[in-house]
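Heads up, the thing below is written out as structure tokens.
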Amino acid sequence: MALQDKTSLLSLPLEALPGEGYRARQLAGWLYQKGARQWDEMTDLPKALRSEWAERFRISEVAEVMPYPSQDGSVKYLYTLLDGQKTEAVYMPYLNRKTICISSMVGCPAGCTFCATGRMGFGRNLTAAEILDQILWAAHHQGHAPREIRNVVLMGMGEPLLNVENVFAAIERMLHPQGLAMSPRRITLSTVGIPRGIYRLAESGLGVRLALSLHAPDDETRQQIIPTAHRYRIGEIMEAVRHYYAQTGRRVTLEYTLLRGVNDHDWQARALAGLFKGLSVHMNLIPWNPWEGAPHQGTPKAQILKFAATLEQQGIPTSVRWSRGRDVGAACGQLALKQPA
Ligand code: SAH
Ligand code: SF4
């Protein structure tokens with residue numbers, strides 16, 4: 001049977017893996033704990049069983065993995081999927097915690113004007129298995145067990161809340177004690193602000209962190225830079241966010257990519273603070289990362305710091321997130337399947 005016609009093991013909930021209880025647990029251990037990428041690694045499973053399963057099931061969703069290491073230690077991974085489509089993840093080995101930024105789509109339909117992925121347009125949704133396999137392959141290439149990656153951010157290509165079924169299924173396997181056994185607090189889902197998706201996340205009980213890419217406190221500016229935002233007004237997004245607070249009690253992270261002369265005015269910092277008065281938030285200001293042909297310029301450093309100071313004065317805890325991996329096109333918003341020179 002061709003690989004693509006076989007059942008994907010990573011697509012199955014842990015409870016639906018083949019084999020009786022004990023064998024299924026062994027298989028889960030090979031996939032998620034030891035990160036096996038071949039049937040013949042699974043030496044404690046009877047050979048006959050392995051060949052029988054190998055006929056019906058596949059382990060991996062990826063035909064090819066290309067690593068692009070950055071000077072700063074992060075590595076961009078370009079994955080060719082079984083149908084030839086491509087997607088990307090970025091591995092960041094911070095001192096005491098390994099983090100991976102993964103994609104939820106090939107391309108993205110939201111069309112944000114400052115984002116290289118948005119410029120590409122929409123390819124397709126990734127399956128739950130393809131979302132997970134980005135983590136497994138990165139760990140394999142790094143030569144360590146998948147569970148050593150302790151932090152996952154869904155901030156790569158695509159809008160996770162426009163691919164809710166698959167993203168939530170992938171998160172379930174990340175959290176499952178027989179899966180990647182991750183803590184929900186170490187998984188962050190970043191959204192451009194899809195109200196119905198935020199409601200679903202709040203109701204899901206998954207317990208993962210929410211990051212909201214707001215980029216402007218006013219609908220007019222927001223719609224200029226997120227053309228699809230006319231469907232989701234800030235008022236509606238805020239209602240969904242309030243519901244998320246009520247359900248989870250969790251602090252929300254705000255992401256704000258600073259674009260020169262567009263969303264970096266002092267009045268916007270003050271308006272942002274007004275919007276989140278009394279709510280528990282942390283603001284991440286992201287200096288804009290350039291890409292070829294982009295219709296924007298980044299805010300100069302002095303104005304970034306001023307914007308941050310205004311937010312702080314208004315009571316919003318704020319950090320500036322200087323990106324990693326710029327040299328290999330691995331920084332926020334640079335993911336567009338372009339191979340670095
Ligand atoms: N679609 C989701 C997640 C992927 S984008 C979302 O929009 O939240 C992840 C983050 O990268 C977003 O906050 C986005 O604003 C930021 N980003 C996109 N392009 C960027 C760029 N060129 N420079 C800096 N940040 C960028
Ligand atoms: Fe899509 Fe996020 Fe890029 Fe906007 S910033 S185009 S939502 S990936």
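The values are calculated or read from the model by the stated rules, or taken from the named source; none is laboratory data. Please read all numbers here as calculations on a predicted model, not as lab measurements. Here the Cβ is made from the backbone with ideal geometry for all residues, glycine too, and neighbour counts use every protein chain on show.
The set of residues in the range 27-49 that are surrounded by 16 or more Cβ atoms within 10 Å (Cβ to Cβ), assigned to a helix (DSSP H, G or I) and over 24 Å from the mean Cα position of the chain (by Cα) comprises Leu27, Trp30, Trp39, Leu49.
Considering only the range 1-18, state which residues are of a type in the set (Ser, Thr, Tyr) and closer than 14 Å to Ala169 by Cα. Walk me through how you get there before you give the answer.
Pass one, the range 1-18, residues of a type in the set (Ser, Thr, Tyr): 7-8, 11.
Within the range 1-18, Ser8, Ser11 meet the criteria.
Consider only pairs whose beta carbons are under 7 Å apart and that are at least six residues apart or on different chains; among these, list those whose first residue lies in the range 99-128 and is touching a residue at least 60 places away in the same chain (Cβ under 8 Å) and small (Gly, Ala, Ser) and whose second residue is within 8 Å of ligand 1 (Cβ to nearest atom) and not in a loop (DSSP other than H, G, I, E, B). Filtered contacts from the range 99-128: Ser104/Leu154; Ser104/Pro160; Ala110/Gly118; Gly111/Gly118. Looking across Tyr79, Tyr68, one residue alone is part of a strand (DSSP E or B), modelled with pLDDT of 95 or more, in the same structural domain as Leu258 (by TED's automatic domain parsing) and surrounded by 18 or more Cβ atoms within 10 Å (Cβ to Cβ). It is Tyr79.
Taking the options Ala216, Ala181, name whichever one is assigned to a loop (DSSP other than H, G, I, E, B), within 13 Å of ligand 1 (Cβ to nearest atom) and modelled with pLDDT of 95 or more. It would help to see each step written out before you state the result.
Numbers: Ala181 fails: within 13 Å of ligand 1 (Cβ to nearest atom).
The conditions single out Ala216.
Screening Gly123 with (1) away from ligand 2 (no atom under 16 Å from the Cβ); (2) over 22 Å from Leu214 (Cβ atoms) gives one miss only, at (1). Listed by first and then second residue, the pairs linking a residue in the range 189-206 that is assigned by TED's automatic domain parsing to the domain that holds Ala246 to a residue that is of a type in the set (Asp, Glu) and away from ligand 1 (no atom under 16 Å from the Cβ), with Cβ atoms under 8 Å apart and 6 or more places separating them unless they lie on different chains, are Pro195/Glu236; Pro195/Glu239; Leu206/Glu172. Screening Thr113, Thr87, Thr99 for residues that are within 15 Å of ligand 2 (Cβ to nearest atom), assigned by TED's automatic domain parsing to the domain that holds Arg260 and part of a strand (DSSP E or B) leaves exactly one candidate, Thr87.
Looking only at residues of the range 155-202 that are hydroxyl-bearing (Ser, Thr, Tyr) and within 11 Å of ligand 2 (Cβ to nearest atom), we find that the one that is surrounded by the fewest Cβ atoms within 10 Å (Cβ to Cβ) is Ser190.
With the requirement that a residue be more than 20 Å from Ser74 (Cβ to Cβ) and touching a residue at least 24 places away in the same chain (Cβ under 8 Å), what does the range 309-332 give you? Result: Thr310, Leu311, Gln314, Gly315, Ile316, Pro317, Thr318.
Screening the candidates Glu55, Glu61 for the property of being surrounded by 13 or more Cβ atoms within 10 Å (Cβ to Cβ), at negative phi, of a type in the set (Asp, Glu) and touching a residue at least 12 places away in the same chain (Cβ under 8 Å) yields one hit, Glu61.
Residues that are among the hydroxyl-bearing types (Ser, Thr, Tyr) and more than 16 Å from ligand 1 (Cβ to nearest atom) were ranked within the range 226-274; the one that is surrounded by the most Cβ atoms within 10 Å (Cβ to Cβ) is Thr248. Scanning the range 245-261 for residues that are outside any strand (DSSP E or B) and either of a type in the set (D, E, K, R) or in contact with a strand residue (DSSP E or B) (Cβ under 6 Å, 6 or more places away or on another chain) (or both) yields a count of 3. Scanning the range 113-130 for residues that are crowded, with 24+ Cβ neighbours inside 10 Å and within 14 Å of ligand 1 (Cβ to nearest atom) yields Phe114, Cys115, Ala116, Thr117, Gly118, Leu126.
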